[in-house]
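These notes are about the structure you will find just below.
Nothing in this text is a laboratory measurement; each read-out follows from the coordinates by a stated rule. These figures come from a predicted structure and were not determined experimentally. Cβ: placed from backbone, ideal geometry, glycine included. Neighbour counts: every protein chain shown.
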Amino acid sequence: MSHRRSLRFAQTTCPICGSKEVARDDHKGDLLCTNCGHIIVRTETRAVGKFDIAQHLKRNGKMNFANLQKATGASEDKLLGVLYSMVEMGYLSEIQGVYSLTKKGQRWYRQRLGQEWGY
Ligand SMILES: [Zn+2]
């Protein structure tokens, strides 16, 4: 077996430069932005829920990745994963690394809020 590093493009966006050219390094499991060289290290730290993210965005409006990470205290890879799935579901829109709730996302948030309060 060779020790060749294999890079696959990951389904994610670089939190620093917003590039879609983020590759997964299978050898180490890290994500690497091939545009700016930022390494998204996969660490086992705090996860974050969709509801938390929606709440912060509802309160603060548009937020970039660094602000969201600070607000939620989540690890980079976990936060990226949740953000990506929320964009995928149409709850968030992401423009140049800045995230905001879509109409659909706001509707979802209000529904969830109602459930939390037991309506
Ligand atoms: Zn980048």
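Kindly indicate which of K58, K103, K62, K70 is within 24 Å of E21 (Cβ to Cβ) and among the basic types (K, R).
Numbers: K58 fails: within 24 Å of E21 (Cβ to Cβ); K103 fails: within 24 Å of E21 (Cβ to Cβ); K70 fails: within 24 Å of E21 (Cβ to Cβ).
From the options K58, K103, K62, K70, the qualifying one is K62.
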Mind checking which pairs have a first residue in region 71-88 that is within 11 Å of D52 (Cβ to Cβ) and in contact (Cβ under 8 Å) with a residue 24 or more places away in the chain and a second that is among the acidic types (D, E) and surrounded by fewer than 19 Cβ atoms within 10 Å (Cβ to Cβ), Cβ under 7 Å, 6 or more apart or different chains? T72/D52
Would you confirm whether or not region 28-45 contains a residue that is closer than 30 Å to L113 by Cβ and touching a helix residue (DSSP H, G or I) at 6+ places or on another chain (Cβ under 8 Å)? yes
